[in-house]
1. Out of residues 5 or more away from T60 or on other chains, whose amide H comes under 5 Å of its own, with H placed 1.01 Å from N in the peptide plane?
2. Between the alpha-carbon centers of the range 36-66 and the range 126-201, tell me the distance in whole angstrom.
3. By a straight-distance test (C-alpha under 30 Å), which lysines pair with K32 as possible cross-link partners, with residues fewer than eight away in the same chain excluded?
4. In the range 146-214, what chymotrypsin sites (Phe, Trp or Tyr not before Pro) fall in a loop by DSSP, with at most 14 other Cβ atoms inside 10 Å?
5. In the chain, if the dipole is taken from +1 on Lys/Arg beta carbons and -1 on Asp/Glu beta carbons about the Cα centre, which of M66, I2, G176 is farthest to the positive end?
6. Quantify, in whole percent, the carbon and sulfur part of the accessible surface of the chain (1.4 Å probe; protein heavy atoms only).
7. Report the antiparallel proportion of the DSSP beta bridges in the chain as a percent, rounded to a multiple of 5.
8. How many percent of the alpha carbon pairs in the range 94-143 exceed a separation of 17 Å?
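The values are calculated or read from the model by the stated rules, or taken from the named source; none is laboratory data. Please read these numbers as outputs of a predicted model, since none were measured by experiment. Here the Cβ positions follow ideal geometry from the backbone for every residue, glycine too, while neighbour counts run over all protein chains shown. Note: areas computed on protein heavy atoms with side chains; ligands, DNA, RNA excluded. Shrake-Rupley method; radii C 1.70, N 1.55, O 1.52, S 1.80 Å.
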Amino acid sequence: MIDYEELRRLMVETQLIPRGIKDQRVLKAMLKVPRHLFVDEPIQYKAYDDMALPIGDGQTISQPYMVAVMTELLELKGNERVLEVGTGSGYQAAILAELAAEVFSIERMERLALRARERLRKLGYDNVHIITGDGTAGLPEKAPFDRIIITAGTPQVPDPLKEQLADNGILVAPVGARFSQQLIILRKEKGKITEEYHTPCVFVPLVGKYGWKE
Ligand code: SAM
(Lines give C-alpha, C1' and ligand atoms only; values in the text may rest on other atoms or scores of the structure.)
Protein backbone atom coordinates (compact mmCIF):
# COMPACT_ATOMS: atom_id res chain seq x y z
CA MET A 1 0.00 0.00 0.00
CA ILE A 2 1.39 3.41 -0.95
CA ASP A 3 1.30 6.00 1.83
CA TYR A 4 0.11 9.00 -0.23
CA GLU A 5 -0.02 11.29 2.79
CA GLU A 6 3.68 10.63 3.39
CA LEU A 7 4.45 11.25 -0.31
CA ARG A 8 2.63 14.60 -0.07
CA ARG A 9 4.66 15.56 2.99
CA LEU A 10 7.90 14.66 1.16
CA MET A 11 6.75 16.63 -1.91
CA VAL A 12 6.25 19.75 0.23
CA GLU A 13 9.47 19.30 2.18
CA THR A 14 11.79 18.42 -0.70
CA GLN A 15 10.29 20.22 -3.74
CA LEU A 16 8.40 23.27 -2.46
CA ILE A 17 9.97 24.65 0.74
CA PRO A 18 13.63 24.39 -0.48
CA ARG A 19 12.67 26.24 -3.69
CA GLY A 20 11.23 29.15 -1.76
CA ILE A 21 7.49 28.54 -1.41
CA LYS A 22 6.64 30.33 1.84
CA ASP A 23 2.90 30.98 1.89
CA GLN A 24 1.71 28.68 4.68
CA ARG A 25 -1.81 28.48 3.24
CA VAL A 26 -0.41 27.29 -0.11
CA LEU A 27 1.80 24.69 1.59
CA LYS A 28 -1.18 23.49 3.64
CA ALA A 29 -3.35 23.11 0.53
CA MET A 30 -0.58 21.18 -1.26
CA LEU A 31 -0.33 18.89 1.79
CA LYS A 32 -4.07 18.32 1.77
CA VAL A 33 -5.24 17.86 -1.85
CA PRO A 34 -4.87 14.20 -2.99
CA ARG A 35 -2.99 14.86 -6.25
CA HIS A 36 -2.89 11.12 -7.10
CA LEU A 37 -6.67 11.15 -7.58
CA PHE A 38 -6.23 13.62 -10.48
CA VAL A 39 -4.28 11.15 -12.67
CA ASP A 40 -5.10 7.68 -14.02
CA GLU A 41 -4.58 4.74 -11.69
CA PRO A 42 -1.52 3.20 -13.45
CA ILE A 43 0.52 6.38 -12.86
CA GLN A 44 -0.84 7.34 -9.44
CA TYR A 45 2.40 6.21 -7.78
CA LYS A 46 4.21 9.00 -9.73
CA ALA A 47 1.75 11.74 -8.75
CA TYR A 48 4.05 13.35 -6.15
CA ASP A 49 7.22 13.21 -8.28
CA ASP A 50 8.88 16.45 -9.34
CA MET A 51 7.36 16.48 -12.84
CA ALA A 52 4.32 17.10 -15.01
CA LEU A 53 2.33 13.96 -15.92
CA PRO A 54 0.07 13.02 -18.86
CA ILE A 55 -3.70 13.26 -18.33
CA GLY A 56 -4.81 12.13 -21.82
CA ASP A 57 -5.67 14.06 -25.00
CA GLY A 58 -2.02 15.20 -25.21
CA GLN A 59 -2.43 17.35 -22.08
CA THR A 60 -0.66 17.41 -18.71
CA ILE A 61 -1.12 18.02 -15.00
CA SER A 62 1.57 20.59 -14.10
CA GLN A 63 4.60 19.84 -11.91
CA PRO A 64 3.77 20.36 -8.18
CA TYR A 65 6.30 23.22 -7.86
CA MET A 66 4.74 25.08 -10.80
CA VAL A 67 1.26 24.75 -9.24
CA ALA A 68 2.63 26.02 -5.92
CA VAL A 69 4.55 28.97 -7.35
CA MET A 70 1.66 30.16 -9.54
CA THR A 71 -0.74 29.83 -6.62
CA GLU A 72 1.60 31.73 -4.29
CA LEU A 73 1.92 34.54 -6.85
CA LEU A 74 -1.88 34.98 -6.75
CA GLU A 75 -1.60 36.11 -3.09
CA LEU A 76 -4.96 34.56 -2.16
CA LYS A 77 -6.45 35.55 1.19
CA GLY A 78 -9.69 33.56 1.05
CA ASN A 79 -12.43 35.87 -0.19
CA GLU A 80 -11.53 36.04 -3.90
CA ARG A 81 -13.41 34.97 -7.00
CA VAL A 82 -10.87 33.26 -9.27
CA LEU A 83 -10.88 32.38 -12.96
CA GLU A 84 -8.65 29.55 -14.18
CA VAL A 85 -8.09 28.99 -17.90
CA GLY A 86 -7.07 25.37 -18.59
CA THR A 87 -8.78 23.03 -16.10
CA GLY A 88 -6.90 19.93 -17.31
CA SER A 89 -7.15 17.38 -14.49
CA GLY A 90 -8.83 19.83 -12.07
CA TYR A 91 -5.92 19.66 -9.59
CA GLN A 92 -5.01 23.35 -9.74
CA ALA A 93 -8.73 24.18 -9.42
CA ALA A 94 -8.88 22.09 -6.22
CA ILE A 95 -5.86 23.95 -4.77
CA LEU A 96 -7.55 27.26 -5.64
CA ALA A 97 -10.81 26.05 -4.11
CA GLU A 98 -8.97 25.47 -0.81
CA LEU A 99 -7.68 29.05 -0.81
CA ALA A 100 -10.36 31.26 -2.39
CA ALA A 101 -14.12 31.74 -2.12
CA GLU A 102 -15.23 30.70 -5.61
CA VAL A 103 -13.43 29.25 -8.63
CA PHE A 104 -14.52 29.26 -12.27
CA SER A 105 -12.36 27.04 -14.47
CA ILE A 106 -12.59 26.78 -18.27
CA GLU A 107 -11.37 23.77 -20.31
CA ARG A 108 -11.58 23.54 -24.09
CA MET A 109 -11.57 19.71 -24.23
CA GLU A 110 -14.92 18.35 -23.27
CA ARG A 111 -13.67 14.96 -22.06
CA LEU A 112 -11.15 16.55 -19.68
CA ALA A 113 -13.77 19.00 -18.41
CA LEU A 114 -16.21 16.16 -17.68
CA ARG A 115 -13.61 14.11 -15.84
CA ALA A 116 -12.39 17.09 -13.80
CA ARG A 117 -15.96 18.04 -12.84
CA GLU A 118 -16.64 14.49 -11.66
CA ARG A 119 -13.42 14.30 -9.62
CA LEU A 120 -14.05 17.64 -7.93
CA ARG A 121 -17.64 16.65 -7.15
CA LYS A 122 -16.52 13.37 -5.57
CA LEU A 123 -13.97 15.22 -3.45
CA GLY A 124 -16.67 17.62 -2.26
CA TYR A 125 -15.47 20.86 -3.88
CA ASP A 126 -18.75 22.69 -4.28
CA ASN A 127 -17.15 26.12 -4.82
CA VAL A 128 -15.67 25.17 -8.23
CA HIS A 129 -17.53 25.57 -11.53
CA ILE A 130 -16.05 23.84 -14.60
CA ILE A 131 -17.05 25.33 -17.93
CA THR A 132 -16.30 23.82 -21.36
CA GLY A 133 -15.17 26.35 -23.97
CA ASP A 134 -12.45 28.66 -25.23
CA GLY A 135 -11.02 30.26 -22.10
CA THR A 136 -9.05 32.87 -24.07
CA ALA A 137 -12.32 34.83 -24.24
CA GLY A 138 -12.75 34.52 -20.47
CA LEU A 139 -16.17 34.42 -18.87
CA PRO A 140 -17.66 37.90 -19.35
CA GLU A 141 -20.97 36.97 -17.69
CA LYS A 142 -19.17 36.22 -14.39
CA ALA A 143 -16.54 39.01 -14.57
CA PRO A 144 -14.79 40.78 -12.94
CA PHE A 145 -12.44 38.31 -11.26
CA ASP A 146 -10.13 39.17 -8.37
CA ARG A 147 -7.58 36.71 -9.67
CA ILE A 148 -6.98 35.02 -13.05
CA ILE A 149 -4.59 32.13 -13.69
CA ILE A 150 -3.79 30.77 -17.15
CA THR A 151 -2.33 27.26 -17.00
CA ALA A 152 -1.38 26.88 -20.68
CA GLY A 153 1.37 28.69 -22.59
CA THR A 154 0.25 31.76 -24.50
CA PRO A 155 1.97 34.18 -26.93
CA GLN A 156 0.38 37.07 -25.00
CA VAL A 157 -2.17 37.60 -22.25
CA PRO A 158 -5.53 37.65 -24.05
CA ASP A 159 -7.11 41.14 -23.98
CA PRO A 160 -10.51 39.85 -22.75
CA LEU A 161 -8.78 38.41 -19.66
CA LYS A 162 -7.06 41.74 -18.92
CA GLU A 163 -10.47 43.41 -19.21
CA GLN A 164 -12.12 40.85 -16.91
CA LEU A 165 -9.52 41.36 -14.16
CA ALA A 166 -10.94 43.38 -11.26
CA ASP A 167 -9.27 46.48 -9.92
CA ASN A 168 -6.54 45.47 -7.43
CA GLY A 169 -6.57 42.11 -9.23
CA ILE A 170 -3.64 39.83 -10.09
CA LEU A 171 -3.26 37.66 -13.19
CA VAL A 172 -0.56 34.97 -13.53
CA ALA A 173 0.24 33.29 -16.84
CA PRO A 174 3.03 31.51 -18.77
CA VAL A 175 3.79 33.86 -21.69
CA GLY A 176 6.26 33.35 -24.51
CA ALA A 177 7.08 31.02 -27.40
CA ARG A 178 5.26 27.79 -28.22
CA PHE A 179 7.73 25.53 -26.37
CA SER A 180 9.14 27.80 -23.64
CA GLN A 181 7.63 30.58 -21.60
CA GLN A 182 8.14 32.71 -18.51
CA LEU A 183 5.58 33.35 -15.81
CA ILE A 184 4.19 36.87 -16.02
CA ILE A 185 2.38 38.65 -13.18
CA LEU A 186 -0.08 41.38 -14.18
CA ARG A 187 -1.49 43.72 -11.55
CA LYS A 188 -4.37 46.10 -12.18
CA GLU A 189 -4.46 49.22 -10.00
CA LYS A 190 -6.87 52.09 -10.70
CA GLY A 191 -7.41 50.61 -14.15
CA LYS A 192 -3.68 50.64 -14.96
CA ILE A 193 -1.84 47.36 -15.64
CA THR A 194 1.77 46.69 -14.64
CA GLU A 195 3.79 43.60 -15.62
CA GLU A 196 6.53 41.66 -13.92
CA TYR A 197 8.39 38.56 -15.17
CA HIS A 198 9.10 35.54 -12.95
CA THR A 199 10.18 31.87 -13.36
CA PRO A 200 10.90 30.27 -16.80
CA CYS A 201 8.52 27.39 -17.56
CA VAL A 202 7.17 25.03 -20.24
CA PHE A 203 3.42 24.57 -20.69
CA VAL A 204 1.26 22.97 -23.38
CA PRO A 205 -0.19 25.65 -25.68
CA LEU A 206 -3.26 27.77 -24.98
CA VAL A 207 -5.25 27.19 -28.18
CA GLY A 208 -8.03 29.61 -28.99
CA LYS A 209 -9.20 32.88 -30.48
CA TYR A 210 -6.76 35.02 -28.44
CA GLY A 211 -4.06 32.33 -27.97
CA TRP A 212 -2.27 30.02 -30.42
CA LYS A 213 -4.00 28.86 -33.58
CA GLU A 214 -4.62 25.09 -33.72
N1 SAM B 1 -4.38 23.28 -14.53
C2 SAM B 1 -4.32 21.93 -15.04
C3 SAM B 1 -4.28 20.90 -13.96
O4 SAM B 1 -4.27 21.25 -12.78
O5 SAM B 1 -4.30 19.71 -14.30
C6 SAM B 1 -3.22 21.73 -16.03
C7 SAM B 1 -3.46 22.46 -17.29
S8 SAM B 1 -2.73 21.78 -18.74
C9 SAM B 1 -1.05 22.18 -18.51
C10 SAM B 1 -3.37 22.95 -19.92
C11 SAM B 1 -4.84 22.78 -20.21
O12 SAM B 1 -5.28 23.93 -20.93
C13 SAM B 1 -5.15 21.59 -21.08
O14 SAM B 1 -6.09 20.77 -20.45
C15 SAM B 1 -5.72 22.20 -22.35
O16 SAM B 1 -6.72 21.42 -22.98
C17 SAM B 1 -6.28 23.50 -21.81
N18 SAM B 1 -6.49 24.56 -22.82
C19 SAM B 1 -5.72 24.88 -23.89
N20 SAM B 1 -6.26 25.93 -24.55
C21 SAM B 1 -7.40 26.28 -23.88
C22 SAM B 1 -8.39 27.28 -24.05
N23 SAM B 1 -8.36 28.14 -25.06
N24 SAM B 1 -9.41 27.34 -23.16
C25 SAM B 1 -9.48 26.46 -22.12
N26 SAM B 1 -8.57 25.49 -21.91
C27 SAM B 1 -7.54 25.40 -22.76
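1. I55
2. 23
3. Correct list for K32: K22, K46, K77, K122, K142.
4. F179
5. G176
6. 53
7. Antiparallel: roughly 45 percent of the beta bridges in the chain.
8. Percent of Cα pairs beyond 17 Å in the range 94-143: 34.
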